[in-house]
1. Quick one: plug the Kirkwood hydrodynamic radius of the chain (C-alpha pairs) into Stokes-Einstein at 25 °C, 0.890 mPa s, and report D in µm²/s.
2. To test your reading of the geometry: what angle, between 0 and 90 degrees and rounded to tens, separates the Cα axis of helix 17-76 from the longest principal axis of the chain?
3. Find me the longest stretch of the chain that has none of the exposed GluC sites (Glu not before Pro), where exposed means in a DSSP loop (not H, G, I, E or B) with at most 13 other Cβ atoms within 10 Å.
4. Take Ile25, Ile71 and sort them by solvent-accessible surface of the protein heavy atoms, 1.4 Å probe, largest at the top.
5. So what is the accessible area of the chain per residue, in Å², with the probe set to 1.4 Å?
6. Give me the net charge for the shell around Leu55: Cβ to Cβ below 15 angstrom, other residues only, Lys and Arg +1, Asp and Glu -1.
7. Please list the non-local residues whose amide H lies under 5 Å from the amide H of Ser107, H modeled 1.01 Å from N, same-chain partners needing a gap of 5 or more.
8. Taking all protein chains as present, what is the carbon and sulfur share of the accessible area of the chain, in % to the nearest whole number, probe 1.4 Å?
Amino acid sequence: MASRPKPFVAPRRQNGAVLYVALIILILLALLGVAGMQVTGMQERMAANYLRTNLAFQNAEADARTLENTIDTDLAAGGTYTAKQEECSPIFDPLTWADGTSDAKASYTRRLDKCFAASSARVGERQNEETGNIYQITALASDEPTNPSASAVVDTIYIP
């Protein structure tokens, strides 16, 4: 006859080390969860700021292109386009202009072709004559017209 296994008998005195290990692991998991939530919140704010900045840039770019179309339309109709600054001086600084403007949307044009001796040459025309208009177009725009939180300035040279 085979002997029977003895039934399990619990020790009379337990130390409770498993309870301490489990509590420490739970605290570490809670700290990891809090840190993960902070990182997620920071990434969400960064994505929102990027979106606002990108919208402001796109709005400024659209304003610059609209002004280029206005120049083209005026010149194609046989008329002239008068820039906000037709002379070469004073020197125009887009950054200083944008910092001094309190509007959420603004634009500035400056005619450049008379500021230097050699201007752009049109195909088929003589290069020693005044050949065309060259404009510096600066556009300032924000992400929202009512409550702006980001703004951008686009400064381009346009030759119609």
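1. Details: Rh = 21.7 Å.
Stokes-Einstein gives a translational diffusion coefficient of 113 µm²/s.
2. 10 degrees
3. On the way: sites that count: Glu86, Glu87, Glu125, Glu129, Glu130.
It works out to 1-85.
4. Ile25, Ile71
5. Working: 12050 Å² over 160 residues.
Using a 1.4 Å probe on heavy atoms only, each residue of the chain averages 75 Å².
6. Working: positive: Arg52, Lys105; negative: Glu61, Asp63, Asp143, Glu144.
Taking every other residue near Leu55 into account, the sum is -2.
7. HN-HN under 5 Å from Ser107: Leu140.
8. Values: 7120 of 12050 Å².
Roughly 59 percent, rounded to a whole number.
The values are calculated or read from the model by the stated rules, or taken from the named source; none is laboratory data. No experiment lies behind these values; they were computed from the predicted model shown. Cβ atoms come from the backbone with ideal geometry, glycine included; neighbour counts cover every protein chain shown. Areas reflect the complete protein model, heavy atoms only, side chains present, ligands, DNA and RNA absent. Shrake-Rupley method; radii C 1.70, N 1.55, O 1.52, S 1.80 Å.
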